[in-house]
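Here the structure comes first, spelled out in structure tokens, and everything after it is commentary.
The values are calculated or read from the model by the stated rules, or taken from the named source; none is laboratory data. Values in this document were obtained by computation on a predicted structure and should not be read as measured data. Cβ: placed from backbone, ideal geometry, glycine included. Neighbour counts: every protein chain shown.
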Amino acid sequence: MFNSNNRGRDERPSMPPAPPAPPQQQSGNASSKRGMFSVIGPDVVITGNVTATADLHIDGRVEGDVRCGSLAQGAESQVFGSVTAESARIAGSVEGTVRVKQLTVERSAKITGDVEYENITIENGGNIDGRLKHMSQVAAAPAPAASTGPRPVEAAQAPLPASPFAAANEQAA
């Protein structure tokens with residue numbers, strides 16, 4: 001069982017797997033953002049900024065700014081600072097500015113601060129105490145000043161017919 005012939009055999013099979021390992025590491029690094037996520041547990045308190053290249057799930061308390069690709073916040077969690085992400089599902093409390101492209105505010109959520117978004121869903125009971133600002137309106141504000149022609153949206157809105165209720169009221173009078 002422990003003779004020299006077995007040792008030689010054990011070394012040979014271990015060598016072939018070593019060369020394929022670097023390509024697996026490279027492909028793992030390329031897809032690490034898609035498959036990985038980080039969790040801040042319910043018993044964790046972080047004082048300082050949090051930056052994650054992967055998705056982030058917060059169930060604890062963060063006293064600082066949070067920046068990540070995708071955020072999932074638990075109902076009992078707290079963030080005291082700004083939140084910046086591509087997408088976020090907020091269920092706990094946030095005291096600070098929230099800047100997210102795809103935002104879902106769940107019924108248990110309480111946001112105290114301004115919210116900038118591209119798309120937003122607020123469940124019945126979700127609470128936002130601050131200003132809501134649509135990101136594309138902020139980015140598009142300088143563009144109409146440079147344009148000399150009318151905007152197609154305004155042209156489409158101007159000739160809308162009167163409401164059917166107004167026509168019914170005119171006929172009744």
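May I ask you to list the residues in region 95-136 that are of a type in the set (Ser, Thr, Tyr) and over 13 Å from the mean Cα position of the chain (by Cα)?
Here is the first cut: in region 95-136, the ones of a type in the set (Ser, Thr, Tyr) are 97, 104, 108, 112, 117, 121, 136.
Result: THR97, SER108, THR112, SER136.
Find the strands (runs of 3 or more DSSP E) located wholly in region 55-143 whose residues include 3 or more that are at pLDDT 95 or above and surrounded by 18 or more Cβ atoms within 10 Å (Cβ to Cβ), and list them.
Numbers: elements: 55-58, 61-63, 66-73, 78-80, 83-90, 93-95, 98-105, 110-112, 115-122, 127-129, 132-134.
Result: 55-58, 66-73, 83-90, 98-105, 115-122.
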